[in-house]
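Quick notes on the structure that follows.
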Amino acid sequence: MSDQQGSNDLPAEETSLLHHLLEPLQSLDWINLGWFAGVVFALAVLFAAGLKVPARLAFASRIASATLVVAAAVAVTILANVALFRHDAHLDLTREKAFTPSAEAREVVRRLSEPIEVVYFYQKQNQGARALGAMLRQLERQNGNFRVQLIDADQNPALASSQGVRTYNSALLRLGERRVEVITTDDREIALGVLRLLRTREVVICFASGHGEYDVDNFEFHTHFEGAHNHSHDASGTSLVLMEQHGLGRLRRAIEKLGLVARKISFATGQPIADDCAVIVEANPRTRYSPGETDLLRRYLERGGSAMFLIEPDYALDESIAALLASAGIAVRDGVIVDPTAHYFTDEQMLAVSRYGSHPATRGLVLSFYPGARPLEVLPAPGVRVTPLAASSADSYVIANRLGDQTKAKSGPRASQIIALAAEGRLNGTAAATFRLIVAGDADFASNSFFPYLANSDAVLAGISWLTREERAPAMKPPVEVLPTVSLTGEQMRGIFLVTVLLIPGLISFAGSAMWWWRR
């Protein structure tokens, strides 16, 4: 049966706030902190005992007392150092936790049930490499199955060469006969290597091609459209100039770092979709499907396949694809969503989402944004469960196209619009196996231009993890190289404007005027 889940199913703000406040306490190592407190207490007792020793005694008594105090001090100091060495407590007081492994890396190591050996050939002069070595030691203390060996590559060049290491800061991860090499100074890359090492099956992510989709074989540049009209990222400029590098290169590299395999497939051949395709990603098709190609997709889903459809607002769905999605409980509507309340920067069509539906694919997500999205709708479908993943605010509305007249739309009905949906079940209630499907009314949020920013990459990768049926595995986000940014929603920008431009200068003017009036 169809399950239409609205905004009432979203997690309460109080629960999120309580979890945010308790998270630092949960991450503390209370056992090692107890040992640390015990050692400090013992040293304090020793210091207090030293203060109690009488200053004036007979010579023999002074010698005996001094010997006793020195012996006790040496014994306590040795025991304190042994205790600190075996139960070292790590305290990182920096705001960014710069000297502490990431929460994702700690979770991956904590869940290890098989012995993994890490040999890190680092460059001693590299500060980042030394910091990673210290973090690996911290991770080693969390789980006995995580064994670390730090080797200075300059002092042991023969050892590095015998292991096939040709580059500084290379980590060799071994599990039995399997081996993974990671060149990094980032603890998250080590955790990703651990996940690749633990993966016992090859998971293939198949990217659809042949209909003008975003390509996965491209450079990872910030891409855009250029022309006489303006500089933009939306469909308004596609008829003028389309840069060929606009694609999913960053997404492809991210899934490969997770140990997944990326492959391009085409439905035009008429061959059935291979069984080893764990997920099919259809990102921004430009041309219509033929009924035969749609039948290939249908048969794939009936066999228990998984797919992700990212459909831009300007794409006209053919009847066969629309019927396939309808049988999965999903309708893709026409138009573009405009949200005056929750949007990114100053563009009301760039939807900002900070609250999500309750679903494994949205667990832990924070602010993400969708640069131009069309509305979706939940349809009744037997044997299928449909869950809204992301939606606009209740103040949003729909216009005909991105460049259309918004005057009439602003006076029309306003309501929350669904941006992304997840469906799971059996097609028509009679299929042999259970399919999984994610449909989003936007494809740009996963493209090179927007994938690394805010939680867009988290949203895409979490969806792929659910589609591959690995949502219970430790979640890791591969690091993506981008410049540091401060991202604000439209509402946050208005608040800053009101406080810094109006409120504070207004208060200063009022105080000055009041002082002038009083001194008259």
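The values are calculated or read from the model by the stated rules, or taken from the named source; none is laboratory data. It should be emphasised that the depicted structure is a prediction, and the values quoted were computed from it without experimental measurement. Cβ placement follows ideal geometry from the backbone for every residue including glycine, while neighbour counts extend to all protein chains displayed. Just the protein is used for accessible areas: all its heavy atoms, side chains included, with ligands, DNA and RNA removed. Shrake-Rupley method; radii C 1.70, N 1.55, O 1.52, S 1.80 Å.
A few comments on the model shown:
- Here is the figure for segment 366-395: residues that are surrounded by 22 or more Cβ atoms within 10 Å (Cβ to Cβ), among the small types (G, A, S) and within 18 Å of G429 (Cβ to Cβ) total 1.
- Screening the candidates V486, V499, V482 for the property of being open to solvent by 40 Å² or more (accessible area, probe 1.4 Å), of a type outside the set (S, T, Y), modelled with pLDDT under 90 and under 15 Å from A352 (Cβ atoms) yields one hit, V486.
- Of all residues in segment 286-296 being farther than 10 Å from D318 by Cβ and under 33 Å from the mean Cα position of the chain (by Cα), the one that is surrounded by the most Cβ atoms within 10 Å (Cβ to Cβ): L296
- Every condition in (1) in contact with a Lys or Arg (Cβ under 8 Å, 6 or more places away or on another chain); (2) open to solvent by 30 Å² or more (accessible area, probe 1.4 Å); (3) under 16 Å from I438 (Cα atoms) holds for A322 except the one numbered (1).
- Applying the condition of being assigned to a loop (DSSP other than H, G, I, E, B) and open to solvent by 40 Å² or more (accessible area, probe 1.4 Å) to segment 421-440 and asking which residue is farthest from A326 (Cα to Cα) yields A432.
- Some residue of segment 333-349 being under 19 Å from E471 (Cβ atoms), open to solvent by less than 10 Å² (accessible area, probe 1.4 Å) and in contact (Cβ under 8 Å) with a residue 40 or more places away in the chain: no
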